[in-house]
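Trainee: What follows is a single structure, and I will ask about it in a moment.
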Amino acid sequence: MEPVSPAQPVTDPAVALARKILDSQPFSRLIGARITAFGDGAATLEVDIREEHQQQNGFVHGGVLSYAADNALTFAGGAALGPAVLTGGFTIQYLRPAVGAVLRARASVVHAGRRQAVVRCDLLTVDAEGAETLCAVAQGTVMSAGG
């Protein structure tokens, strides 16, 4: 899975489809999310951290972290199971306050069967110099939505 710049033209049809699906989600557009890597049972979703993503102490709100985990888990599961998938459930553990310039949710499939996948997601903040700090981890089950 090669990282793809959000501005870079996409030649991989799977990445193009992932971006189209993300862009079809009104809430993802509101948050400002983008897919920066996709394929081989993995996905990376990024959000530029804005003031409206923060809680009263200046940290990224836990709901924004949960959103990023949920979507990254589901996209990674979709990379393994196909595009018609739904989140079956997930848990998240907050490790430290999230501060930085970018929130990066990096998810990968731990195990995939025919109809479901177990996926892990690391949630990191990226500072202005590009240094990553792990702020939360999530794990979930993604299920095929097909009959």
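The values are calculated or read from the model by the stated rules, or taken from the named source; none is laboratory data. Only a predicted model underlies this, so the values are computations on that prediction, with no experimental measurement involved. Note: ideal-geometry Cβ built from the backbone for every residue, glycine included; neighbour counts use all protein chains shown. Each accessible area value is taken on the protein alone, full model and side chains, heavy atoms only, with ligands, DNA and RNA left out. Shrake-Rupley method; radii C 1.70, N 1.55, O 1.52, S 1.80 Å.
Trainee: Just to confirm the number: angle between the C-alpha axis of helix 62-81 and the first principal axis of the chain, 0 to 90 degrees, nearest 10?
Mentor: Orientation of helix 62-81: about 20 degrees from the principal axis.
Trainee: Quick one: order Thr133, Thr125 from most to least accessible surface, probe 1.4 Å.
Mentor: Working: Thr133 60, Thr125 5 Å².
Ranking Thr133, Thr125 by accessible area, largest first, yields Thr133, Thr125.
Trainee: Would you work out which of Leu73, Val142, Ala18 lies farthest towards the positive end of the dipole of the chain, given +1 charges on the beta-carbon of Lys and Arg and -1 on that of Asp and Glu, about the Cα centre?
Mentor: Result: Val142, furthest along the dipole toward the positive end.
Trainee: In debye, nearest 20, what is the charge dipole magnitude of the stretch 23-147 about its Cα centre with +1 on Lys and Arg Cβ and -1 on Asp and Glu Cβ, if you could check?
Mentor: With Lys and Arg at +1 and Asp and Glu at -1, about 480 debye.
Trainee: To the nearest 10 square angstrom, what accessible area does Tyr94 show with a 1.4 Å probe?
Mentor: 120 Å²
Trainee: Please report how far the C-alpha centroid of the stretch 75-97 lies from that of the stretch 124-139, rounded to the nearest whole angstrom.
Mentor: About 18 Å separates the Cα centre of the stretch 75-97 from the one of the stretch 124-139.
Trainee: Here's another thing I want to ask about it. Order Ser28, Ser66 by their accessible area, 1.4 angstrom probe, all chains in place, largest first.
Mentor: Descending accessible area places them as Ser66, Ser28.
Trainee: Bin all alpha-carbon pair distances of the chain at 10 Å intervals from 0 and give each bin's fraction as a whole percent.
Mentor: P(r) for the chain, in whole percents per bin: 13, 44, 34, 8, 0.
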